[in-house]
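Remarks on the structure that follows.
The values are calculated or read from the model by the stated rules, or taken from the named source; none is laboratory data. In this text the structure is predicted, and so the values were computed from the model without any measurement. Here Cβ is always computed from backbone atoms with ideal geometry, including for glycine, and neighbour counts include all displayed protein chains. Please note that ligands, DNA and RNA were not included when accessible areas were found on the heavy atoms of the full protein model with its side chains. Shrake-Rupley method; radii C 1.70, N 1.55, O 1.52, S 1.80 Å.
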Amino acid sequence: MAQERCTPALELEHLQRLLLSCREAKKSAYCPYSRFPVGAALLTREGRIFSGCNIENACYPLGICAERTAIQKAISEGYKEFRAIAIASDLQDDFISPCGACRQVMREFGTNWAVYMTKPDGTYVVRTVQELLPFSFGPEDLQKIQ
């Protein structure tokens, strides 16, 4: 597997489990309209992995991305500190990147955790949430107005 950079670094075992989990999650995608399956796997501080897939709806705005599915599953189980998320799709020529809404949801839980964007051939690039969403707005910004 190719790696462009890794900040913050994961242990090889966690990284392999994360990358495999996001590819597996993609198989459960419900995407009859876009036909664009996406899977995500989220690694908590404690080492637990939560997976998610995109789930579309005939009322398009009600669909949800794989990244937000995984995050919401983790939150609903009491986890709020994350080390990394990995994302998989069927894109051949480009690494799958989270949409703006997913980036903002990721940002809610910190800026210094890793986002692994993959290709089907197993290669990936990694960025921090901060790198994907510079000059972001987060929970601490709400404290500034009080």
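One residue alone among Glu13, Glu46 is exposed (fewer than 15 other Cβ atoms within 10 Å of the Cβ), outside any helix (DSSP H, G or I) and acidic (Asp, Glu), and that residue is Glu46.
Being open to solvent by 50 Å² or more (accessible area, probe 1.4 Å) and closer than 21 Å to Leu15 by Cα, is that true of even one residue in the range 53-63? No, the conditions are met nowhere in the range 53-63.
Per-residue answers, yes or no, for (1) part of a loop (DSSP other than H, G, I, E, B); (2) more than 22 Å from Ile75 (Cβ to Cβ); (3) at pLDDT below 95:
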position	(1), (2), (3)
Ala101	no, no, no
Val105	no, no, no
Phe109	yes, no, no
Tyr116	no, no, no
Gly122	yes, yes, yes
Glu131	no, yes, no
Pro134	yes, yes, no
Leu142	no, no, yes
Ile145	yes, yes, yes
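Can you find even one residue in the range 97-109 that is farther than 21 Å from Thr44 by Cβ, open to solvent by 60 Å² or more (accessible area, probe 1.4 Å) and out of contact with any Asp or Glu (no Cβ under 7 Å at 6 or more places or on another chain)? No. When each of Thr44, Thr69 is tested for being out of contact with any Phe, Trp or Tyr (no Cβ under 6 Å at 6 or more places or on another chain), within 19 Å of Val129 (Cβ to Cβ) and of a type outside the set (Lys, Arg), the lone residue that passes is Thr69.
Report yes if Cys31 is in contact with an Asp or Glu (Cβ under 6 Å, 6 or more places away or on another chain), more than 21 Å from Pro139 (Cβ to Cβ) and not aliphatic (A, V, I, L, M), otherwise no. For Cys31, the condition - in contact with an Asp or Glu (Cβ under 6 Å, 6 or more places away or on another chain), more than 21 Å from Pro139 (Cβ to Cβ) and not aliphatic (A, V, I, L, M) - is met. Residues in the range 71-94 that are touching an Asp or Glu at 6+ places or on another chain (Cβ under 9 Å), without any contact (Cβ under 8 Å) to a residue 40 or more places away in the chain and surrounded by 15 or more Cβ atoms within 10 Å (Cβ to Cβ): Ile71, Tyr79. When residues of the range 126-146 are filtered for being open to solvent by less than 30 Å² (accessible area, probe 1.4 Å) and closer than 25 Å to Leu18 by Cα, how many remain? Qualifying residue count for the region: 4.
Taking the range 66-95 as the range and being farther than 16 Å from Cys31 by Cα and either assigned to a loop (DSSP other than H, G, I, E, B) or basic (Lys, Arg) (or both) as the test, the residues that pass are Lys73, Glu77, Gly78, Tyr79, Lys80, Glu81, Arg83, Gln92, Asp93, Asp94, Phe95.
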